[in-house]
Amino acid sequence: MKNLLEKLTQTTGVSGYENEIREVIRKEIEPFADDIQIDVMGNLIARKGIKKSGGKRIMISSHMDEIGLMASHINDKGFVYVATIGGVNPLTCFSARVKFLNGTEGVVYAETQKMDKVPTVDQLFVDVGADSAETCPVKVGDEAVFVRSFLDLGNRVVSKAIDDRIGCLVAIETIKALKDSPNELFFVFSTQEEVGLRGAKTSAFSINPEMGIAVDVTLAADVPHCEPGNPVLGKGPCIKVRDGSLIAHPKVIDAMKKAADRTGIEVQMEVLSHAGTDAGAIQLVRSGVPAGCLSIACRYVHSPSEMVDINDVSESVRLLVDLLSNPVDL
Ligand code: CO
Ligand code: ZN
């Protein structure tokens, strides 16, 4: 599982340009899916099974895209000024390395003379080693991802793009492990989540599910100088109750709790006042869809070094397989 996670996290897939990561995922799931489609927004949609008596149409959404930067202006000295793609914190950009989609790599720095303040996004620039706008290999509108290698710390793993390739990994492993189910399952590897849950919105409209589940990371509260609370690393998958985009449907929460009871999996309840996931978009499609989210506690979310506990990941797979293999009471 770690090898696949390394491949998933190290593959490029910034919002709006998810083609590389989509190909990697498509190859992984193709032998296990009944049908695979790619829609206009670039979502990869894999169907498994058909609806049998007692079953439901269920959409599971994990986003393929990752945060990054976009060239917004190139000055006459060849420095590339940027806009952010998704929730990028300038603090984590400082002296980071980035790679543009045409392969050009560079270092991010800031215009500040004194290093006593966090730079603002418009003070950030990327130095790709060019000395003029004309010779700069990057053009306005080019997107870049952060470069950071995969780190295996035993139970814990660290990489860029753990958000949300970890959700993609859980979905992939679930597709592989699923055997019999009364439910018709639509695994969506969604696009443009980081810029506003966009891919989930259109794919949920076309799938027209009776229930929606997002699989994504959530902010771990077990780091120094953080208000203590849930969730923490290594204490199992999290059942989301709310975040800034969603109040999870009680029956979806119930279905997750029942799966946890049946399997004996330790779970954590997650209450977040901000942020959002694909579940928030799925819930509001058409006349409304009961939706919830299975979260994996993650440290340093939206930095190039996001950390999760590998046991939380395998337990999430086990929980999701059980949940999707049984009839759901809605
Ligand atoms: Co994110
Ligand atoms: Zn995410």
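Values as computed for the structure displayed
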{"item": "Number of the exception - Ala161 against (1) within 16 Å of ligand 1 (Cβ to nearest atom); (2) touching a Pro at 6+ places or on another chain (Cβ under 7 Å)", "result": "(2)"}
{"item": "Flag if Ala133 is among the aliphatic types (A, V, I, L, M), outside any strand (DSSP E or B) and either modelled with pLDDT of 95 or more or more than 26 Å from Val217 (Cβ to Cβ) (or both)", "result": "yes"}
{"item": "Extreme residue, modelled with the lowest pLDDT, among residues of segment 95-108 that are surrounded by 12 or more Cβ atoms within 10 Å (Cβ to Cβ) and assigned to a loop (DSSP other than H, G, I, E, B)", "result": "Ala96"}
{"item": "So Ile175, is it away from ligand 1 (no atom under 16 Å from the Cβ), in a strand (DSSP E or B), touching a residue at least 40 places away in the same chain (Cβ under 8 Å) and out of contact with any His (no Cβ under 9 Å at 6 or more places or on another chain)", "result": "no"}
{"item": "Test: residue in segment 187-194 that is over 13 Å from the mean Cα position of the chain (by Cα), in the same structural domain as Ser303 (by TED's automatic domain parsing) and at pLDDT 95 or above", "result": "yes"}
{"item": "Unique match (being in contact (Cβ under 8 Å) with a residue 60 or more places away in the chain and either more than 16 Å from ligand 2 (Cβ to nearest atom) or surrounded by fewer than 18 Cβ atoms within 10 Å (Cβ to Cβ) (or both)) among Asp152, Asp116", "result": "Asp152"}
{"item": "Output for segment 2-35, where each listed residue is touching an Asp or Glu at 6+ places or on another chain (Cβ under 7 Å) and loosely packed, with under 15 Cβ neighbours inside 10 Å", "result": "Lys2"}
{"item": "Residue check, Gly167 part of a helix (DSSP H, G or I) and farther than 24 Å from Met307 by Cα", "result": "no"}
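Okay, residues lined up against (1) of a type in the set (Gly, Ala, Ser); (2) within 16 Å of ligand 1 (Cβ to nearest atom):
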| residue | (1), (2) |
| --- | --- |
| Thr202 | no, no |
| Phe205 | no, no |
| Ala220 | yes, yes |
| Leu233 | no, no |
| Asp243 | no, yes |
| Leu246 | no, yes |
| His249 | no, no |
| Val252 | no, no |
| Ala260 | yes, no |
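To keep it simple, each residue is scored yes or no on (1) buried (at least 18 other Cβ atoms within 10 Å of the Cβ); (2) under 23 Å from the mean Cα position of the chain (by Cα).
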residue	(1), (2)
Lys51	no, no
Gly68	yes, yes
Cys93	yes, yes
Ala110	yes, no
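The values are calculated or read from the model by the stated rules, or taken from the named source; none is laboratory data. Here the structure is a predicted model, which is why all the values come from computation and not from measurement. Heads up, the Cβs are rebuilt from the backbone with ideal geometry, glycines too, and the neighbour counts pull from every protein chain shown.
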